[in-house]
Amino acid sequence: MKRHKLVGAFAVLALVSAMSSVAVARTSTPSVAPTRGVTNDTITVGGLGYAAFYQDSAVGAQARFDKANNNNEIPGGRKINFLGFRDDGSDQNKNLDEGRKLVQDDGVFAVVPVSTPFLGAADFFAQNKVPFIGWGISSGFCENPFGFGFSGCLVPENPKTASSTWGDLIKKGNFNGDTKGKTAAVIAEDNDSGKAGVKVITASAKAGGFKVVYNKNPIPPLPATVSDYTPFANDIMSSNNGKPPDVVFLTLAVNNVNGLQNKLLELGYQGVLTNAVGYDPRIAAQYVGSSVFIQFNAFESAQQGNTAMQQIIDEIKAVKPDQILTQPVLAGYLSADMFIQMLKKTGKNLTETRFLRAANRNFKYELKDVVGSISFPAGHTNGGTCGTLVESDGTNYSIRVPFSCYKHVKVG
């Protein structure tokens, strides 16, 4: 997917504001077209993403929308009408098709939550003035004033800055704060997110004090499958002057993390393996000994007195009592929560223009003890700087390094 151009996107937004101002200035009173997805009583939204990995986002979003509806949180007394989650099947073209259906067939005001690396609909949303809110794991959230990630823009196509978070967490959790002379490999998939991810995580690893001896994105992304990870594993095993690096950052989807990690272990790798997808009780047994980076606080913090996290868990369980607590379910909740805060800032006179103006003018989002702060418009180009490091014992997770926030660093 080509990156949505900053100048073009902001020009569309500026034109919308200008036209609105001209209309107000006229002496005659033109008829006002209804705002798509908005009535006196409801605001219609729908989710979009790769259901095989992120379907739980819908449960988290529903939990937050139910809370808002039950407590009359939305200005003007409106209720959120959530249509559920459309599946893009891990395909950019289908993502665009499903995005069009949400707007043209379902008539949504906004797309919430969005959870996918394959955001082919980003340009379409911007062209049609459709706000989209979600987990910023696609470059479509970057340099686009219509896209809002609760943790900002995480994978810009040409990143200038990165968060030191992952590198610093590994430094603390696995090397007792001392990475002098330590080396790292960073590997990702051969797509836009992977290309950006290699640059961003390389900068993070360097910020943690590691010498990066390998940083490539050669692995085929979904829906492709890899039959043999040996070539990739061999390259990593010899990347440190013929020896393995001290840590491998696996910036990959679940299937590729599992395949490459298992091959590295089979070849005798004894260093630190770290990924950002292995926080899920259903697959905990696959990540024994691995350090898993998450961009928010861990559900386990509720057991340590984090009342904010416990409240979220309770709300999720109220929607679906047997819901497994995963990263996507929390991402859906946070996406919905940020959208609700934007609605509150906009006020009861809800239009696309007023919403986008409110969201892009010094809007700051944070859920204390759960996720760090992000501000817009800066969040269209920068990601958040907070996170947690967890590890699995095969059944359950424990917090290796508690939730904290770090710093932005330069890329390159």
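Residue-wise, which Karplus ³J(HN,Hα) couplings in Hz belong to the range 72-81, taking 6.51 cos²θ - 1.76 cosθ + 1.60, θ = phi - 60°, and x for glycine or proline?
Once θ is set to phi - 60°, the couplings for the range 72-81 become 6, 7, 7, x, x, x, 6, 10, 7, 9 Hz.
Return the distance in nm (one decimal) between the two label points of a simple spin-label model at N128 and D322, each offset 7 Å from Cα along Cα→Cβ.
Each label point lies 7 Å from its Cα, and together they span 3.6 nm.
Ignoring ligands, DNA and RNA, how do S151, S238 rank by accessible area with a 1.4 Å probe, largest first?
On the way: S151 10, S238 60 Å².
Most to least solvent-accessible, the answer reads S238, S151.
Any chance you could look up the accessible area of K171 with a 1.4 Å probe, heavy atoms only, rounded to 10 Å²?
The value for K171 is about 60 Å².
With only alpha-carbon atoms counted, please give the Rg and Dmax of the range 134-286, in Å.
15.2, 47
Around D105, with a cut-off of 11 angstrom between Cβ atoms, what is the net charge of the other residues, counting Lys and Arg +1 and Asp and Glu -1?
0
Which far-off residues, 5 or more places away or on another chain, put their amide H under 5 Å from the one on V186, with H placed in the peptide plane?
The list, which skips near neighbours in sequence, is Y214, N215, K216, F249.
Whenever you get a sec, compute what percent of the accessible area on the chain sits on carbon and sulfur atoms (1.4 Å probe). Walk me through the numbers before you get to the answer.
On the way: 8200 of 16760 Å².
C and S atoms contribute 49 percent here.
Using just the alpha carbons, could you tell me how many Å³ per residue the convex hull of the range 154-196 encloses? Please report the intermediate quantities before stating the final value.
Details: hull volume 3.9 nm³, N = 43.
Value for the range 154-196: 91 Å³ per residue.
At a probe size of 1.4 Å, how large is the accessible area of S375, to the nearest 10 Å²?
Number for this one is 50 Å².
Looking only at the chain, where both bridge partners belong to it, what percent of the DSSP beta bridges are antiparallel (to the nearest 5)? Each step should come with its number before you reach the end.
On the way: 20 of 54 bridges.
Of all bridge pairs located within the chain, approximately 35 percent are antiparallel.
Charges at C-beta only: +1 for Lys and Arg, -1 for Asp and Glu. How large is the resulting dipole of the chain about its Cα centre, in Debye rounded to 20? Please report the intermediate quantities before stating the final value.
Working: 40 positive and 34 negative charges, 304 e Å.
Its charge dipole is roughly 1460 debye.
Would you mind getting the accessible area per residue of the range 92-135, heavy atoms of the protein chains only, 1.4 Å probe, in Å²? All intermediate terms of the calculation are to be shown ahead of the outcome.
Details: 1310 Å² over 44 residues.
Roughly 30 Å² per residue, with all protein chains present.
What shape does the range 81-223 have by the C-alpha gyration tensor, where a ≥ b ≥ c are the square roots of the eigenvalues, rounded means a/c under 1.5, and otherwise prolate means a/b greater than b/c and oblate the rest?
Working: a/c = 2.84, a/b = 2.27, b/c = 1.25.
Because a/c hits 1.5 or more and a/b exceeds b/c, the range 81-223 counts as prolate.
Rounded, prolate or oblate for the range 273-412? Axes are the square roots of the Cα gyration tensor eigenvalues, ordered a ≥ b ≥ c, and the cut-off for rounded is a/c under 1.5.
Values: a/c = 2.46, a/b = 1.51, b/c = 1.63.
Taking the square roots of the gyration eigenvalues as a ≥ b ≥ c, the range 273-412 is oblate.
Place +1 on the Cβ of every Lys and Arg and -1 on the Cβ of every Asp and Glu in the chain, take the dipole about the Cα centre, and give the residue among G268, N297, F141 whose Cα lies farthest towards its positive end.
Result: F141.
If you scale each eigenvalue of the Cα gyration tensor by 5 and take the root, what three semi-axes come out for the chain, rounded to whole angstrom and sorted largest first?
Working: eigenvalues 285, 102, 71 Å².
Equivalent ellipsoid semi-axes, largest first: 38, 23, 19 Å.
Counting only helical runs of four or more DSSP H residues, what would the 222 nm mean residue ellipticity of the chain come to if each run contributes -39,500 (n - 2.57) and the total is spread over all its residues?
On the way: 12 runs with 144 residues, N = 412.
After summing the helix terms and dividing by the residues of the chain, the value is -11000 deg cm²/dmol.
Can you give the net charge of the other residues whose Cβ lies under 12 Å from the Cβ of P131, counting K and R as +1 and D and E as -1? It would help to have the intermediate numbers written out before the result.
Details: positive: R36, K129, R354, R357; negative: E352.
Summing Lys and Arg as +1 and Asp and Glu as -1 gives +3.
For the chain, what are the DSSP H helices with axial Cα length of 27 Å or more and mean Kyte-Doolittle hydropathy of at least 1.6? Present the calculation step by step, with values, prior to reporting the outcome.
Values: long enough: 6-25 (28 Å, 2.25); 327-346 (28 Å, 0.36).
Within the chain the helices that satisfy the rule are 6-25.
Pull up all non-local amide H partners of V114: gap of 5 or more, or a different chain, and H-to-H distance under 5 Å with H placed in the peptide plane.
For V114, the qualifying residues are L48, I133, G134, W135.
The values are calculated or read from the model by the stated rules, or taken from the named source; none is laboratory data. Computed from a predicted structure; not experimentally measured. Note that each Cβ is placed from the backbone with ideal geometry, even for glycine, and that neighbours are counted across all protein chains shown. SASA here: full protein model, heavy atoms, side chains in, ligands and nucleic acids out. Shrake-Rupley method; radii C 1.70, N 1.55, O 1.52, S 1.80 Å.
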